[in-house]
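Peer 1: Structure incoming, see below.
The values are calculated or read from the model by the stated rules, or taken from the named source; none is laboratory data. Predicted, not measured: the structure shown is a model, and the values here were computed from it. No Cβ is skipped: glycine too gets one built from the backbone with ideal geometry, and neighbour counts run over all protein chains shown.
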Amino acid sequence: MIIDGIFNINKPSGTTSFNIISIIRRLTGYRRVGHAGTLDPMASGVLPVCFGKGTKVIEFLLEASKVYRAQIELGTTTDTFDAFGNITRKCDYSAINPNLIEQSLFSFRGSIKQVPPMFSAIKYRGKRLYHFAREGAIINRQTRNVTIYRLELLEFKLPYISIEVECSRGTYIRSLAFDLGELLGCGAYLKNLIRRSYGPFDIEKAASLGQLEHAFSNSNWQQFVYPIDIVLNHLSSVVVNYEQEKVLKNGGSIDIKDTYISKSQEKRCRAYNKNGVFLAVLYLNSDRGHWQPQKVFA
């Protein structure tokens with residue numbers, strides 16, 4: 001039986017996101033497997049892994065917000081901004097107090113500009129930045145606009161603080177830790193990171209690799225599969241008739257009479273047939289006034 005969908009995996013610390021992909025390919029026998037948003041090897045937590053036609057929703061999942069729980073060590077700076085790097089500076093942190101931390105965190109809430117770390121997978125002239133970093137080269141990186149929706153201090157126990165961050169796509173928690181240390185004047189690095197949630201996926205319901213492998217050995221792994229359209233639940237939905245279904249499957253556009261859909265500010269919607277089968281993501285072509293398929297799944 002061919003199944004397309006998404007696994008919500010609790011990635012363990014010490015393994016790469018690509019290793020997780022390799023394991024899922026081995027278990028499922030599928031080649032079309034991809035993750036939405038890399039987690040650093042040091043980090044653990046929610047890693048959505050899409051397979052089959054599920055890979056078509058990765059671009060939509062990347063738009064979702066994420067929640068991280070981070071432990072930061074004050075007074076020390078590393079070249080990678082995390083615990084895997086070499087120490088580049090040590091400073092006195094004894095004057096830091098919770099009030100100062102709270103005041104500093106305020107500067108990072110909302111829409112901010114952030115410089116990605118040198119040790120990152122961002123490409124520069126066709127080459128990953130971490131390759132340049134390992135060669136000792138420093139590349140001027142462009143700032144990125146990211147959004148910090150929520151930033152809270154959870155624990156203060158020098159030299160460590162724990163924070164929880166809800167953020168947009170493209171946010172580097174390592175850079176946030178580094179920038180916080182610079183603002184405090186004592187330096188800081190990311191000691192530990194857990195992704196608590198990613199869009200509709202939560203760590204409380206994430207499956208460990210052990211659970212998944214056990215399920216495959218017992219042929220009941222389907223219990224861990226999430227439907228593709230769970231990523232798109234924030235979009236309105238419409239049911240199309242048989243003729244419209246045929247048009248959509250061939251990439252054609254249709255006219256939707258649904259008043260709620262027509263007045264929606266979100267100019268995209270989910271389309272289903274009368275049997276409840278998820279067909280496509282549609283977008284409104286403003287010039288023609290018709291809805292066209294952005295992605296077809298059925």
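Peer 1: Tally time: how many residues in region 34-49 are at pLDDT 95 or above and within 13 Å of I6 (Cβ to Cβ)?
Peer 2: 4
Peer 1: Another question, then. Within the bounds of region 199-216, is there any residue that is modelled with pLDDT of 95 or more and basic (K, R)?
Peer 2: Within region 199-216 (the criterion being modelled with pLDDT of 95 or more and basic (K, R)), the answer is yes, since at least one residue qualifies.
Peer 1: Take the conditions in a strand (DSSP E or B) and among the aromatic types (F, W, Y) and apply them to Y68. Does it pass? Don't jump to the end; show me each part of the working.
Peer 2: Values: in a strand (DSSP E or B): yes; among the aromatic types (F, W, Y): yes.
Yes.
Peer 1: Shifting gears a bit: Take A177 and tell me if it is at pLDDT below 90, outside any strand (DSSP E or B) and buried (at least 18 other Cβ atoms within 10 Å of the Cβ). Break it down stepwise before answering.
Peer 2: Working: at pLDDT below 90: no; outside any strand (DSSP E or B): yes; buried (at least 18 other Cβ atoms within 10 Å of the Cβ): yes.
Against the criterion (at pLDDT below 90, outside any strand (DSSP E or B) and buried (at least 18 other Cβ atoms within 10 Å of the Cβ)), A177 does not qualify.
Peer 1: While we're looking at this one, here's another question. For the condition of a type in the set (A, V, I, L, M, F, W, C), buried (at least 20 other Cβ atoms within 10 Å of the Cβ), touching a residue at least 60 places away in the same chain (Cβ under 8 Å) and closer than 19 Å to G14 by Cβ, what is the one hit in A36, A70, A83? Spell out the reasoning first.
Peer 2: On the way: A36 fails: closer than 19 Å to G14 by Cβ; A83 fails: buried (at least 20 other Cβ atoms within 10 Å of the Cβ).
After applying the criteria, what remains is A70.
Peer 1: Next question, about the same structure. Quick one: T16 ticks every box in (1) surrounded by fewer than 21 Cβ atoms within 10 Å (Cβ to Cβ); (2) under 14 Å from N192 (Cα atoms) except a single one, so which number is it?
Peer 2: (2)
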